[in-house]
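Single-structure report; data block below.
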Amino acid sequence: MRTIRTPAVSLRFSERALLVSTAMAALTVAAAVATMVTGDFPLTIGEVLATFSGNGDGYADFVIFTLRLPRLITGLLVGAALALSGAILQSLSRNPLASPDIIGFTQGAATGAIAVIVLVQGSMTATALGATAVGLLTSAAVYLLAFKQGVQGFRLVLIGIGVSAMMLAVNSYLITRATLESALAAQTWLVGGLNNRGWDEAQVVAAVLAVLLPCALVLGRRLALLEMGDSAATGLGVNAERTRLALLVVSVGLAAVATAAAGPISFVALAAPQLARRLTGASGPGLVASALMGGLLLVVSDFAVQRLFPTTQLPVGIATGAIGGLYLVWLLAHEWRKGSGT
Amino acid sequence: MPKAEPTTGRLRGSDLTLSYDERVVVSGLDVEIPDGSFTVIVGPNACGKSTVLKALARMLKPRTGAVYLDGEVISSYRSKDVARRLGLLPQTSIAPGGITVGELVARGRYPHQRLLRQWSTEDEAVTAEAMRLTGVHDLADRLVDELSGGQRQRVWLAMVLAQQTSILLLDEPTTFLDIAHQIEVLDLCANLHEDGNHTLVAVLHDLNQACRYATHLIAMKPGVGVVAQGNPADIVTAELVEDVFGLPCRVIADPETETPLIVPLRRQRVTQTSGA
């Protein structure tokens, strides 16, 4: 533990968490540079830097500012948003398997997207809006159904699973009613990905993150106390129910904007907080480290699908599952061998 | 802090009706915690003793009546303001995985901290003092998961002490502990009380322990509420115990402390009668 103190400010943090976070940020920068310079149109680092300082040629300008940078930034922000959303939910429900799936958000968003695609053949923006709207409504319904003098994590998870199953049935039904073309479009949305993502998506995610990230960080301390149980948290001066609702809203908002921008990318919300928590050895929710890990995971995954399978336009969700899953399995097995895991 | 009049209570409940959903547990209850006392609430299961403690700790909103802290309705304060005056040791708390004793105790400082002032020199000193008082200072770098039940309870108590509140509410602090650790925790509470800076309110199951440690005893009975309150030596009689717990007993003086000691009567063998 290290402490920083000035007359007005005093903070305490763990050296290991700082070290791990710095390493993740450095790896993210490295992956970002690799994404910038490689691909069908290789550039040198010099050319990239020249472009950023406004001295690049039109060709490099196009490759960087239209093709690579917006996709990179969208991926980074979507990854961070999903990881934060998952970290909050895992902490609130005290369930390491929690992610936006369990409060019905993901399946609800899918219902919204499929409905827009299949029933009205809507545009990409309309699909994103439909997904967000129905996802938010589903989460609100789950919260209200689970409400009985406050919401307990366990009730929320059970109701969420039930409602998710229902929405999944609706989704399957909608797809059977679709034309082949709509069904394909729906399927593409369902896998999620960063193909053809541009500045519009990046701007929306950035704007929402700019609001919700500070909220999450401010609420993070109370989230850590809530992990000890409502009684202990209340004793320490946390208004348990109000804090939980605020955190759920932040979490769902983050999941919503990520899903609107890139579809339901699997596994980041589940794996990134777990990875971050284990690497930092933190006893709390570790929101900053989770967000960094989410961004890193998505940037590396997207780099992998773009460069290893350049012709297939593989969705990034496949790589997040493969890379994040492998890493998590390795980390857990390694911990259990040492006998220190829980 | 100025010493209050011994007859007044900073914490009291007036005309409390407490219920879970539709089930009313306690109705029309008046209760006052004398300042500077070690108050213990006793009673059989389901008499509502933990419920009353929850209400006093603002964990349960009364259906009617109100809990007053320093003259104001407790729910009118900001939660953090209450947490600077009144600490709570819940019946069960969850220690986050991977947390050390020092980190857990430090969390007790939350009501005194602000967003950018999270670890002042005062926080550090108070946390260390709380660990010293509870004898867990040597364990500061150990993981809470690795401790024994008795050690863990002392760590939780240290966290509540780090809160620096003059009133402490303890919900069955000895449950799940063996007899030696029960006494250890209660001795610790008695020390805090004797140092004169704390008012303690505890719910206890063991009547003899309650009589030994309490300076003010509140006896509750299901469906009735408070049946008797006062110094244990003044109020605990065989009649009271039989009335409240339905247990025939003798009350003698504890050979160690002279406080009332409840000795259940010898079992009367029920003779079988044949036929009806």
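The values are calculated or read from the model by the stated rules, or taken from the named source; none is laboratory data. All of these numbers come straight from a predicted model, not from anything done at the bench. Quick reminder, even Gly has a Cβ in these numbers, built from the backbone with ideal geometry, and neighbours come from all protein chains shown.
One table, with the values for the structure above:
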{"item": "Output for the range B:91-101, where each listed residue is among the aliphatic types (A, V, I, L, M) and at the interface with chain A (Cβ under 8 Å from one of its Cβ atoms)", "result": "B:Ile94, B:Ala95, B:Ile99"}
{"item": "Count of the range A:1-46 residues which are in contact (Cβ under 8 Å) with a residue 60 or more places away in the chain and over 29 Å from the mean Cα position of the chain (by Cα)", "result": "0"}
{"item": "Matching residues, the range B:70-84, being more than 10 Å from chain A (Cβ to nearest Cβ) and among the charged types (D, E, K, R)", "result": "B:Asp70, B:Glu72"}
{"item": "Residue check, B:Gly36 facing chain A (nearest Cβ under 8 Å), surrounded by fewer than 22 Cβ atoms within 10 Å (Cβ to Cβ), at positive phi and part of a loop (DSSP other than H, G, I, E, B)", "result": "no"}
{"item": "Count - residues of the range B:81-99 that are modelled with pLDDT of 95 or more and surrounded by fewer than 21 Cβ atoms within 10 Å (Cβ to Cβ)", "result": "3"}
{"item": "Members of the range A:163-183 found to be more than 22 Å from the chain's Cα centre (by Cα), under 15 Å from A:Thr106 (Cβ atoms) and surrounded by 13 or more Cβ atoms within 10 Å (Cβ to Cβ), listed by number", "result": "A:Met166, A:Val170, A:Asn171"}
{"item": "Some residue of the range B:25-33 being acidic (Asp, Glu), within 19 Å of B:Ala228 (Cα to Cα), away from every other protein chain (no Cβ under 14 Å) and in contact with an Asp or Glu (Cβ under 8 Å, 6 or more places away or on another chain)", "result": "yes"}
{"item": "Only one of B:Leu261, B:Leu217 that is touching a Pro at 6+ places or on another chain (Cβ under 9 Å), more than 23 Å from B:Pro90 (Cβ to Cβ), assigned to a strand (DSSP E or B) and in contact (Cβ under 8 Å) with a residue 24 or more places away in the chain", "result": "B:Leu261"}
{"item": "Complete set of residues in the range A:109-121 that are buried (at least 17 other Cβ atoms within 10 Å of the Cβ) and without any contact (Cβ under 8 Å) to a residue 60 or more places away in the chain", "result": "A:Gly112, A:Ala115, A:Val116"}
{"item": "Residue within the range A:140-149 that is of a type outside the set (S, T, N, Q), modelled with pLDDT under 85 and crowded, with 20+ Cβ neighbours inside 10 Å present", "result": "no"}
{"item": "Count of residues meeting criterion [in contact (Cβ under 8 Å) with a residue 60 or more places away in the chain, within 11 Å of another protein chain (Cβ to nearest Cβ) and not hydroxyl-bearing (Ser, Thr, Tyr)] in the range B:152-169", "result": "5"}
{"item": "Complete set of residues in the range B:109-133 that are in contact with a Ser or Thr (Cβ under 7 Å, 6 or more places away or on another chain) and either surrounded by fewer than 16 Cβ atoms within 10 Å (Cβ to Cβ) or more than 7 Å from every other protein chain (Cβ to nearest Cβ) (or both)", "result": "B:Arg109"}
{"item": "Conditions (1) in a loop (DSSP other than H, G, I, E, B); (2) closer than 30 Å to B:Ala106 by Cα; (3) at pLDDT below 95: number failed by B:Leu192", "result": "(1)"}
{"item": "From the options B:Leu186, B:Leu170, B:Leu139, residue that is within 22 Å of A:Ala233 (Cβ to Cβ), modelled with pLDDT of 95 or more and buried (at least 22 other Cβ atoms within 10 Å of the Cβ)", "result": "B:Leu170"}
{"item": "Residues of the range A:192-234 satisfying the condition of being part of a helix (DSSP H, G or I), away from every other protein chain (no Cβ under 14 Å), surrounded by fewer than 21 Cβ atoms within 10 Å (Cβ to Cβ) and of a type outside the set (A, V, I, L, M)", "result": "A:Trp199, A:Asp200, A:Gln203"}
{"item": "Qualifying residue in the range A:309-324 (condition: more than 20 Å from A:Gln90 (Cβ to Cβ), more than 14 Å from chain B (Cβ to nearest Cβ), free of Cβ contacts under 8 Å to residues at least 40 places away in the same chain and surrounded by 24 or more Cβ atoms within 10 Å (Cβ to Cβ))", "result": "yes"}
{"item": "Residue count for the range A:122-150, restricted to those that are within 30 Å of A:Leu226 (Cα to Cα), touching a residue at least 12 places away in the same chain (Cβ under 8 Å) and in a helix (DSSP H, G or I)", "result": "13"}
{"item": "Residue list for the range B:142-151, restricted to those being at the interface with another protein chain (Cβ under 10 Å from one of its Cβ atoms) and either over 19 Å from B:Ile94 (Cβ atoms) or in contact with a Leu (Cβ under 9 Å, 6 or more places away or on another chain) (or both)", "result": "B:Val144"}
{"item": "Subset of the range B:116-133 [outside any helix (DSSP H, G or I) and either touching a strand residue (DSSP E or B) at 6+ places or on another chain (Cβ under 7 Å) or under 19 Å from A:Gly235 (Cα atoms) (or both)]", "result": "B:Arg117, B:Gln118, B:Trp119, B:Ser120"}
{"item": "Residue in the range A:235-258 that is at the interface with another protein chain (Cβ under 9 Å from one of its Cβ atoms), crowded, with 21+ Cβ neighbours inside 10 Å, without any contact (Cβ under 8 Å) to a residue 24 or more places away in the chain and in a helix (DSSP H, G or I) present", "result": "yes"}
{"item": "Single match in B:Leu53, B:Leu88, B:Leu104, B:Leu60 (criterion: part of a strand (DSSP E or B) and either within 12 Å of chain A (Cβ to nearest Cβ) or closer than 19 Å to B:Trp156 by Cβ (or both))", "result": "B:Leu88"}
{"item": "Single condition B:Gly223 does not satisfy, out of (1) under 25 Å from B:Arg23 (Cβ atoms); (2) surrounded by fewer than 22 Cβ atoms within 10 Å (Cβ to Cβ); (3) under 13 Å from the mean Cα position of the chain (by Cα)", "result": "(3)"}
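Each row is one residue, and each column tells you yes or no for (1) in contact with an Asp or Glu (Cβ under 9 Å, 6 or more places away or on another chain); (2) β-branched (Val, Ile, Thr).
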{"site": "B:Gln163", "(1), (2)": "no, no"}
{"site": "B:Asp171", "(1), (2)": "no, no"}
{"site": "B:Thr174", "(1), (2)": "yes, yes"}
{"site": "B:Ile179", "(1), (2)": "no, yes"}
{"site": "B:Gln182", "(1), (2)": "yes, no"}
{"site": "B:Ala190", "(1), (2)": "no, no"}
{"site": "B:Asp195", "(1), (2)": "no, no"}
{"site": "B:Thr199", "(1), (2)": "yes, yes"}
